[in-house]
Amino acid sequence: QVQLVESGGGSVQPGGSLRLSCAASGATFSGRCMGWFRQAPGKERKGVARMGGTGVITYADPVKGRFIISRDNAKNTLYLQMNNLEPEDTAMYYCAARSTNYCSDTFPYWGQGTQVTVSS
């Protein structure tokens, strides 16, 4: 099993930046598919970005060119650099993990979430 704790959320103005962190513990971090998801009130949870254990990265269309997912295996931490934030990015952001290197649609491990609010 793995425990995930997100941090770095907050309130920013449009065009601002935030860096989310996801600290993993309890199990091996390296080699896992890791992902970021977000859920706005009244909407379904959507994938934002994911990184396979081999380093393959995919982004959702709304964040392409603005967000960057990365990981530091030495620190057991996943990051999401969020640039040029828009009000539409406002949501609760969750870190998730699989037990495999490859990514799929099932993530059994989740963090508690960190709120991101973008408004003027």
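The values are calculated or read from the model by the stated rules, or taken from the named source; none is laboratory data. Since the structure is predicted, the reported quantities are computational estimates derived from the model, not experimental observations. Methodologically, a virtual Cβ is constructed for each residue, glycine included, from the backbone with ideal geometry; neighbour enumeration extends over all protein chains shown. Heads up: the accessible areas ignore ligands, DNA and RNA and are worked out on the full protein's heavy atoms, side chains in. Shrake-Rupley method; radii C 1.70, N 1.55, O 1.52, S 1.80 Å.
Taking a probe of 1.4 Å, how large is the accessible area per residue of the chain, in Å²?
51 Å²
Check cross-link reach from Lys75 to the aspartates and glutamates: straight Cα distance under 18 Å, and skip same-chain residues fewer than eight apart.
Cα-Cα hits under 18 Å: Glu6.
Take the solvent-accessible surface of the protein heavy atoms, probe 1.4 Å, and return the percent of it on the chain that carbon and sulfur atoms account for.
Result for the chain: 47 percent of the exposed heavy-atom area is carbon or sulfur.
Return the loop-located chymotrypsin sites (Phe, Trp or Tyr not before Pro) in the range 1-85 (DSSP other than H, G, I, E, B) with at most 12 other Cβ atoms within 10 Å of their own Cβ; answer none if there are none.
none
Would you please name the GluC sites (Glu not before Pro) within the range 1-94 that are DSSP coil residues with at most 13 other C-beta atoms within 10 Å of their C-beta?
Hits after loop and neighbour filter: Glu44.
Which of the trypsin sites (Lys or Arg not before Pro) found in the range 1-47 are in a DSSP loop and have at most 11 neighbouring Cβ atoms, other than their own, within 10 Å?
Sparse-neighbourhood loop trypsin sites (Lys or Arg not before Pro): Lys43.
For the range 1-16 and the range 91-106, compute the distance between their C-alpha centroids and round to whole Å.
The range 1-16 and the range 91-106 have Cα centres spaced 16 Å from each other.
Straight-line reach only, C-alpha to C-alpha below 18 angstrom: list the lysines that Lys64 could link to, leaving out same-chain residues fewer than 8 apart.
Lys46
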